[in-house]
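A.B. asks: Sharing a structure with you now.
The values are calculated or read from the model by the stated rules, or taken from the named source; none is laboratory data. Predicted model, so just to flag it, every value in this text is computed and none were measured. Quick reminder, even Gly has a Cβ in these numbers, built from the backbone with ideal geometry, and neighbours come from all protein chains shown. Surface accessibility is based on the protein's heavy atoms, side chains included, excluding ligands, DNA and RNA. Shrake-Rupley method; radii C 1.70, N 1.55, O 1.52, S 1.80 Å.
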Amino acid sequence: MEHVDVLIVGAGLSGIGAAHHLQTACPWASFAIFEARDAIGGTWDLFRYPGIRSDSDMYTLGYSFRPWSGEKAIADGDSILQYIRDTAAESGIDQEIRFEHRIVRADWSSVDARWTVTAERADTGETVVLTCGFLFSCTGYYRYDHGYQPDFAGMDRFGGTIVHPQAWPADLDVSGKRVVVIGSGATAVTLVPALAESAAHVTMLQRSPSYVASVPSTNPAAHLLHRVLPARWADPAIRWMLALGTQALFQVSKRWPGVVKRMLRKRLERELPPGYDIDPHFTPRYDPWDQRLCAVPDGDLFAAIRSGAASVVTDHVDTFTETGLRLTSGTELDADIVVSATGLELLFLGDIVVSVDGDEVDLPSRLAYKGMMLEGVPNLALAFGYTNASWTLKCDLTCDYVCRLLNHMRDHGLAQCTPRNHDAGVTAKPLLGLSSGYVQRSADRFPKQGSQAPWQVHQSYLRDWRVMKRSGIEDEALELVRRPTSGAVSPVFAAEV
Ligand SMILES: Cc1cc2nc3c(=O)[nH]c(=O)nc-3n(C[C@H](O)[C@H](O)[C@H](O)COP(=O)(O)OP(=O)(O)OC[C@H]3O[C@@H](n4cnc5c(N)ncnc54)[C@H](O)[C@@H]3O)c2cc1C
């Protein structure tokens, strides 16, 4: 049976990053990437709705090892996809990807100190089985086959078109059409100004408001640093500046929410038309960063509202009608196209069934070790990014740690590393500290974080940088098992065979 030292699951932003780290820091390790779809890029290949872009800056969403060199800090989806593809092609990572291989099972054997991994091929229907010493999950955090679609009353009698942004029809023409976008999250605020460029009118229909802030699409400080410093200094300086800046805003929001609310309100007063009724549409009931803050580049959403091409309605859908939507207030919204920007359906570990020594692991009951390994699950790490900053900041740290761990195991003849909690005082909390509907809906499907280190998820780049980059591998919560010189355990890394 085929064996690789490390099997990476997923060829999205994280999987390609993980492969690069492995190639560079563990050149001895053989690896393969299994990707369920037929393309590189994950999120940035799947989502094709008009206006798709990042909402965090590319200097931190890009990789530390291949700094973003685009003109804009907030980049469009195509540029991000191209960046991931180019990264993969540059060092031959794309040659290691097995497309249309969806991993469905991973079974750990402590006797053999290896995973037996089962994948299903979408193209041939074949089942592929191989073994690996270490499993690195880079599966993202949501299902790919469909988004979250509430079952609104009367959907079947609507005479127009209903679309979900996760399955945007390439040939959908919105020109001259009346469009209603249901939602108030990052996707809705991206779609509204993009659709408003050609639609007759776009209405953003939201149940409740979100915090929305205009951010510049280019970053003058980053441009200045690039002009005055050599790239090898400017790139890390820009990354740190933006990572710490985002973190500072998050901390200030948590400590002094009133200050941040007033600041955001002042900006809205400048951006929205005079006399605009801000409270019902842009003043949420929660504090800033209890849910993700929506960033709109160069205030494009507000410009669309000012021009009259777009408007916001805050109400509830009572029912779809033949010609649009009736709201609980009794208001009727006529529509040719309704976009259900109602979000993602979260999924943990790409729906892979995991067993350890014959026992299926109940993943939601496990604690996450340093936010990247799972209690009681050997030789497995996951790339899981921040909810309050760029995803890649955390994934880069995770990849760096995993490579250090693999090198440590190899140098010390270790076969198995398993996070174990020995402290009965550690209590479990939700992994993701956001109150957003999509997070709450799925909290029971995700592992937990603990009340104390190393089980806490900090959502802080600075703290993680210290914990993941500066601390040693040896830790009483990480059980490391030596490979016996003789006996049943076979070498964990094929490169040593
Ligand atoms: C519309 C949108 C905009 C976003 N914008 C930002 C942003 O601006 N900033 C930010 O930080 N984050 C953003 N995010 C979060 C975003 O998902 C991450 O930034 C990042 O792209 C995640 O990369 P990933 O590789 O970890 O996961 P994904 O991009 O989800 O890729 C995962 C890959 O794994 C594959 N896979 C999954 N399960 C299996 C399996 N069982 N077997 C084999 N392959 C599997 C999938 O097919 C996919 O290719 C956004 C998300 C969305 C949906």
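A.B. asks: In segment 327-353, how many residues are part of a strand (DSSP E or B) and surrounded by fewer than 18 Cβ atoms within 10 Å (Cβ to Cβ)?
C.D. replies: Here the count works out to 4.
A.B. asks: Arg445: open to solvent by 10 Å² or more (accessible area, probe 1.4 Å) and away from the ligand (no atom under 15 Å from the Cβ), yes or no?
C.D. replies: no
A.B. asks: If I filter segment 368-382 for residues that are within 13 Å of the ligand (Cβ to nearest atom), under 20 Å from the mean Cα position of the chain (by Cα) and within 14 Å of Pro454 (Cβ to Cβ), do I get at least one hit?
C.D. replies: Yes, because at least one residue in segment 368-382 is within 13 Å of the ligand (Cβ to nearest atom), under 20 Å from the mean Cα position of the chain (by Cα) and within 14 Å of Pro454 (Cβ to Cβ).
A.B. asks: Turning to a different aspect of this structure: Of all the residues that make up segment 427-442, how many are open to solvent by 20 Å² or more (accessible area, probe 1.4 Å) and not in a helix (DSSP H, G or I)?
C.D. replies: Here the count works out to 7.
A.B. asks: Related question: Considering only helices (runs of 4 or more DSSP H) fully contained in segment 225-324, which possess at least 1 residues that are open to solvent by less than 70 Å² (accessible area, probe 1.4 Å), of a type in the set (Gly, Ala, Ser) and touching a residue at least 24 places away in the same chain (Cβ under 8 Å)?
C.D. replies: Because the criterion is at least 1 residues that are open to solvent by less than 70 Å² (accessible area, probe 1.4 Å), of a type in the set (Gly, Ala, Ser) and touching a residue at least 24 places away in the same chain (Cβ under 8 Å), the helices (runs of 4 or more DSSP H) in segment 225-324 that meet it are 231-255, 300-307.
A.B. asks: Here's a follow-up. Out of the residues in segment 114-163 meeting the condition of being among the aromatic types (Phe, Trp, Tyr) and not in a loop (DSSP other than H, G, I, E, B), tell me which one is farthest from Asp351 (Cα to Cα).
C.D. replies: Phe134
A.B. asks: Next up: Could you check how many residues of segment 78-107 are aliphatic (A, V, I, L, M), more than 12 Å from the ligand (Cβ to nearest atom) and more than 17 Å from Arg37 (Cβ to Cβ)?
C.D. replies: Of the residues in segment 78-107, 1 are aliphatic (A, V, I, L, M), more than 12 Å from the ligand (Cβ to nearest atom) and more than 17 Å from Arg37 (Cβ to Cβ).
A.B. asks: Something else: Where residues in segment 355-367 are among the aliphatic types (A, V, I, L, M) and under 22 Å from Lys429 (Cα atoms), which of them is nearest to the ligand (Cβ to nearest atom)?
C.D. replies: Leu363
A.B. asks: Determine which member of the set Ala113, Ala75, Ala106, Ala89 is in contact with a strand residue (DSSP E or B) (Cβ under 8 Å, 6 or more places away or on another chain) and more than 21 Å from Cys403 (Cβ to Cβ).
C.D. replies: Ala75
A.B. asks: When you scan segment 108-129, how many residues do you find that are buried (at least 19 other Cβ atoms within 10 Å of the Cβ) and away from the ligand (no atom under 12 Å from the Cβ)?
C.D. replies: Selection size over segment 108-129: 4.
A.B. asks: Of these, Gly154, Gly176, which one is small (Gly, Ala, Ser) and surrounded by 14 or more Cβ atoms within 10 Å (Cβ to Cβ)?
C.D. replies: Going through Gly154, Gly176 in turn, just one is small (Gly, Ala, Ser) and surrounded by 14 or more Cβ atoms within 10 Å (Cβ to Cβ): Gly154.
Residue-by-condition table, conditions (1) among the acidic types (Asp, Glu); (2) over 27 Å from Ile182 (Cα atoms); (3) touching a strand residue (DSSP E or B) at 6+ places or on another chain (Cβ under 9 Å):
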position: Glu120; (1), (2), (3): yes, yes, yes
position: Thr131; (1), (2), (3): no, yes, yes
position: Thr139; (1), (2), (3): no, yes, yes
position: His146; (1), (2), (3): no, no, no
position: Asp151; (1), (2), (3): yes, no, no
